[in-house]
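Enquirer: Take a look at the following structure, please.
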Amino acid sequence: MIRLARVEKAYGHGAARTFVLRRVDLEVREGEFVSIMGPSGAGKSTLLHILGMLDGDFTGEYHFLDQEVRALKPRERADLNRRYVGFVFQSYHLIDDLTVYENLEVPLQYRNVARKERQALVADTLDRFGIVAKKDLYPAQLSGGQQQLVGVARAVIGKPRLILADEPTGNLHSDQGREIMDLFRRLNEAGTTIVQVTHSEQNAARGHRIVQLRDGWVERPAAPMSAGQAAAEGPAVAGAETH
Ligand code: ADP
């Protein structure tokens, strides 16, 4: 589903040029659940934004479902994102002047879901996430944890083929965090591909394999989660570079 080859990203020019991603090779097959880990500043969010087609300013190759993403116009990239990707932002990125209900409707509107079906899906999602009582509130009226829940709900409501989640449980109570990871597991078992950035070993262990980033480089080995899974998965495909 995802194939990155020699992807690099830098900020600044000349002597002030600093690389955030270095020669990143990464493959994610449809149906995988991958966790990206690494110290703060390693480039995890940057990588996730590139995977989500939210950032087209990089070099190298990115093939998504057999499309070369860098060859696309910004609008075409945005369309791919809307069609296939549910993104959980670290800082939520809810739309300030829309209520919780309306925020949840947005991805369904992008996908031209009919009004009646939208209402049913939003009602069901509000219920599943235990946020029915918050539906008419605006993001600023919610706690960080509640905004994060809405952000996760918005990412999954349209049943995207790919979920990209940047620290999706960072502001949740541990019970809520576990529920979100249980939800991700169920979605993944039903075929959804998931790539999450996490600092939590526990959350990372819910996926199939871990990709370690450090100073913009993908590190080997990509740790398999269990001997059984490792055997089933074969060799990890991330990070063929040695450095
Ligand atoms: P992580 O998610 O692993 O903490 P990020 O991807 O957020 O790391 O950031 C990687 C590096 O890129 C950091 O050193 C950060 O300071 C730098 N960076 C991110 N955005 C910008 C920007 N707009 N301009 C310059 N440097 C940036």
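Any read-out appearing in this document is the output of simple, stated calculations on the displayed coordinates, not a laboratory observation. Just so you know, these numbers come straight off a predicted model, no measurement behind them. Here the Cβ positions follow ideal geometry from the backbone for every residue, glycine too, while neighbour counts run over all protein chains shown.
Enquirer: Can you give the % of DSSP beta bridges in the range 154-225 that are antiparallel, to the nearest 5?
Expert: 45 percent
Enquirer: On to the next question. Starting from the 7 Å offset along Cα-to-Cβ, what nm value, one decimal, do you get for the label separation of ARG83 and GLU27?
Expert: Taking the simple label geometry, ARG83 and GLU27 are separated by 2.4 nm.
Enquirer: Only bridges whose two residues both fall in the chain count here: according to DSSP, what percent of them are antiparallel, nearest 5?
Expert: 50 percent
Enquirer: What size of dipole, in debye to the nearest 20, comes out for the chain about its Cα centre when the only charges are +1 on Lys and Arg C-beta atoms and -1 on Asp and Glu C-beta atoms?
Expert: Numbers: 31 positive and 31 negative charges, 63 e Å.
It comes to approximately 300 debye.
Enquirer: Can you sort HIS173, HIS49 from fewest to most other Cβ atoms within 10 Å of each residue's own Cβ?
Expert: Ranking HIS173, HIS49 by Cβ neighbours within 10 Å, fewest first, gives HIS173, HIS49.
Enquirer: Within the set of other residues whose C-beta is less than 12 Å from the C-beta of PHE87, count the net charge using Lys and Arg as +1 and Asp and Glu as -1. The partial results should precede the final answer.
Expert: Values: positive: ARG82, ARG154; negative: ASP55, ASP166.
Combined, the nearby Lys, Arg, Asp and Glu give 0.
Enquirer: ASP215 label point, 7 Å along Cα→Cβ, cut-off 14 Å on backbone N: hits in the range 1-31?
Expert: 18-23
Enquirer: Return the lysines within reach of LYS135: Cα separation strictly under 27 angstrom, same-chain partners fewer than 8 residues apart disregarded; answer none if there are no such residues.
Expert: Once the sequence-local lysines are set aside, what remains near LYS135 is LYS116, LYS159.
Enquirer: Out of LEU137, LEU172, LEU48, any idea which swings most in a Gaussian network model of the chain, alpha carbons joined below 10 Å?
Expert: LEU137
Enquirer: To continue, here is another question. When a footprinting reagent is the concern and you count Cβ atoms within 10 Å, what order do SER91, SER174, SER200 take, fewest first?
Expert: Fewest-to-most ranking of SER91, SER174, SER200: SER174, SER91, SER200.
Enquirer: Based on the inverse mean of 1/r over its pairs of different Cα atoms, what is the Kirkwood hydrodynamic radius of the chain, in Å?
Expert: Roughly 18.6 Å, rounded to one decimal.
Enquirer: As I understand it, the dipole of the chain uses +1 on the Cβ of Lys and Arg and -1 on the Cβ of Asp and Glu, about the Cα centre. Which of LEU98, ILE180, PRO39 lies farthest toward its positive end?
Expert: Going by the Cα projections, it comes out as LEU98.
Enquirer: Under the definition of Cα pairs under 8 Å and six or more residues apart, what whole-number percent is the relative contact order of the range 2-233?
Expert: Relative contact order of the range 2-233: 29 percent.
Enquirer: On a C-alpha basis, how far is the centre of the range 167-209 from the centre of the range 127-143 in Å? Whole number, if you could?
Expert: Distance between centres, Cα-based: 21 Å.
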